[in-house]
Every structure is written in C-alpha cells, then in structure tokens.
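The values are calculated or read from the model by the stated rules, or taken from the named source; none is laboratory data. No experiment lies behind these values; they were computed from the predicted model shown. A quick note on method: Cβ atoms are made from the backbone with ideal geometry, for glycine too, and the neighbour counts reach across all protein chains shown. Protein only, heavy atoms only, side chains kept; ligands, DNA and RNA dropped before computing areas. Shrake-Rupley method; radii C 1.70, N 1.55, O 1.52, S 1.80 Å.
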Amino acid sequence: MGLAVLAVGLMVGAPWARAQLPPDPSDTPPMDGSAVRPTPTPRTLPPPPPDRRRTRAGTNDGSGPAIPPPPPPPEGAPPLEGAPPPAAAGPALPAPFLTVDKIFATRGVVELGGSLDFSVQRDFINDATWLNLGLDAYVGYFVVKYFTLGMYLSVRYSQYISSEFTSWSVAPGVLVAPGIAVRLRSRVFFYGDFLIGLFGRKSEHSEYNRDTDLYGALGAEAGVKVRMTRRLLLRLGIRLTYDVGKRDSDLGTGTIESDISQFTFLFRVGLSGFL
C-alpha cells in the first residue's frame with residue numbers, strides 16, 4: 001500500500017518539478033518556424049604536407065639531387081639588401097706567379113744559380129803552397145723538355161806562397177753551356193753540359209815578372225742536381241776542360257811569348273733555383 005502511494009506521488013510531482021527548471025534553448029522552437037539546428041561538432045584539420053622546396057644541398061628533408069648555386073649578379077648591379085660587402089681585391093701579382101707550379105727540366109723553365117770550387121796544393125820540395133778558388137754564376141733556359149741552353153760567368157783566383165816570393169793570378173771568363181737534365185728519381189736529376197768559352201788571365205810573380213794569358217777552354221761538366229725544396233736545387237758535379245792559348249811574359253827586360261796547353265779538372269758544389 002505504501003509503494004502504491006509513493007508511485008502516485010512521483011507521477012504527480014515530476015511534471016511540476018520539471019516546470020520549475022529554466023527552459024532548454026534546444027527544446028524551444030525558433031521564432032521564424034524553422035527546424036531546430038544541432039550544435040556543430042568541431043573538425044580536426046589534417047597535418048600540412050612536407051616542404052619540398054629545393055635548396056643548394058638538395059631538398060629540405062635531405063633527399064633529391066643537389067642544384068648549383070645561383071649565378072652571380074651582373075657586373076655593376078647594386079648589392080642586395082642585407083648582403084655582406086664584397087672583399088677587397090688584393091694586389092695584382094706578376095704573371096709567372098699566377099701559373100701552376102712548374103716542374104724542373106721542362107719547357108720554359110729558367111734556372112739561376114752558382115757554384116764554387118776550392119783546392120789547396122802543398123809543394124814540400126820547394127816549401128810552397130798553391131791556393132785555388134773558382135766561382136761561377138749560371139743561367140739556363142729549357143727550350144724543350146730536358147734540353148737547356150746555358151751560360152757560365154766564371155772567375156778563378158790562384159795564389160802561390162813560398163818562402164822566397166808570393167804570386168797570384170786572376171782569370172775571368174765566359175762559357176757557353178748547352179746541356180741536358182734528365183730525371184733519375186723523384187728529386188734527383190742527372191745533368192751534363194758541353195762547355196766552350198774564352199778566358200783571360202793576369203798573373204804577377206814579382207815586381208819585374210808579369211804574365212798575360214788569353215786562352216780558349218773546351219770541355220764538359222756532369223753531375224747531379226738534387227731538389228731540396230720546392231724551387232731549390234743542390235748541384236754536385238765535376239768539370240774537365242782543355243785550355244789552349246798564348247801567354248805574354250814581361251820579364252822587365254823584354255816580353256816572351258809562349259803557348260798554353262793544359263788540362264783543368266775541378267770538383268764543383270753549388271746551388272740553383274728555377275722559375
């Protein structure tokens with residue numbers, strides 16, 4: 001009986017309680033008589049596609065072939081806004097220094113250098129000493145590979161010292177030297193020069209004894225050139241010449257003419273560079 005009374009109470013009270021709540025806008029029909037529109041559901045947008053624009057190293061994601069950099073602006077065009085200023089140009093270098101590093105013993109190479117020889121001879125019988133010193137300046141030009149046209153400018157000094165007197169002589173000269181230079185190893189070259197030239201020599205043995213010589217020289221020089229640095233060579237060689245000419249000896253009472261016929265053998269050491 002009690003349950004029946006509770007059920008009847010709920011049936012009667014539910015409409016009254018609902019009438020006391022505020023009205024729901026979705027339940028109220030629009031004033032213009034149109035149908036009720038449902039509340040729209042928000043949509044989720046798909047992610048954007050990857051950026052496929054090309055760069056200098058390829059695409060942004062690391063794929064694709066590389067493309068060359070853009071061409072430089074035309075000469076005289078104004079610089080772009082925000083671009084760094086152009087670097088200042090350095091001083092202009094001579095043409096030979098702008099070429100690729102040259103190789104020795106090839107066409108167009110110029111060799112410049114010098115060499116010397118020194119010897120001491122002791123005469124125990126006459127208690128005397130001979131001192132000999134020779135200096136050469138050399139210039140050569142390779143007309144073709146391995147073949148050079150060169151020239152030596154030479155000067156030789158000799159001194160004879162004894163207990164009785166001292167004498168000296170000076171002999172300047174020039175030698176034309178066509179020759180070859182052939183590579184033996186990466187840094188070692190064999191060289192050989194044919195020598196022909198002319199020398200003049202003046203000697204003084206005492207106050208009343210002087211000689212004046214004029215003679216030609218014919219011979220050869222051979223050895224090796226070792227490349228020590230990029231452009232520096234060490235020269236080691238031997239020279240053999242045959243000297244023939246005339247000598248005028250002033251003895252104070254008259255002049256005597258005589259012939260010169262002698263061999264000269266020298267060991268030479270020097271340095272040279274090429275460009």
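Within the range 201-233, the set of residues being among the small types (Gly, Ala, Ser) and open to solvent by 60 Å² or more (accessible area, probe 1.4 Å) is empty. The residue that is nearest to Gly150 (Cα to Cα), among those in the range 239-263 that are touching a Leu at 6+ places or on another chain (Cβ under 7 Å) and among the hydroxyl-bearing types (Ser, Thr, Tyr), is Thr241. Kindly indicate whether any position in the range 210-222 is over 20 Å from Pro172 (Cβ atoms), under 48 Å from the mean Cα position of the chain (by Cα) and among the aliphatic types (A, V, I, L, M). Yes, the range 210-222 contains a residue that is over 20 Å from Pro172 (Cβ atoms), under 48 Å from the mean Cα position of the chain (by Cα) and among the aliphatic types (A, V, I, L, M).
When residues in the range 241-275 are screened for being assigned to a strand (DSSP E or B) and open to solvent by 30 Å² or more (accessible area, probe 1.4 Å), 19 of them pass. Among the conditions (1) in contact with a Lys or Arg (Cβ under 8 Å, 6 or more places away or on another chain); (2) over 21 Å from Lys102 (Cα atoms), the only one that Ile161 does not satisfy is (1). Taking the listed residues Arg201, Arg227, Arg231, Arg183, the one that is under 23 Å from Tyr138 (Cα atoms) and in contact with a Lys or Arg (Cβ under 6 Å, 6 or more places away or on another chain) is Arg227, with no other qualifying.
Look at the range 258-270: where a residue is acidic (Asp, Glu) and a partner is surrounded by 10 or more Cβ atoms within 10 Å (Cβ to Cβ) and part of a strand (DSSP E or B), sitting 6+ places away or on another chain with Cβ atoms under 8 Å, you get Asp259/Val244; Asp259/Gly245; Asp259/Lys246; Asp259/Arg247.
Contact map, the range 185-199: residues that are closer than 17 Å to Leu236 by Cα paired with residues that are part of a loop (DSSP other than H, G, I, E, B) and open to solvent by less than 80 Å² (accessible area, probe 1.4 Å), Cβ distance under 9 Å, separation 6+ or inter-chain. Pairs shown: Phe189/Phe104; Phe189/Ala105; Tyr191/Ala105.
Residues in the range 186-220 that are of a type in the set (Gly, Ala, Ser) and more than 24 Å from Arg268 (Cα to Cα): 1 in all.
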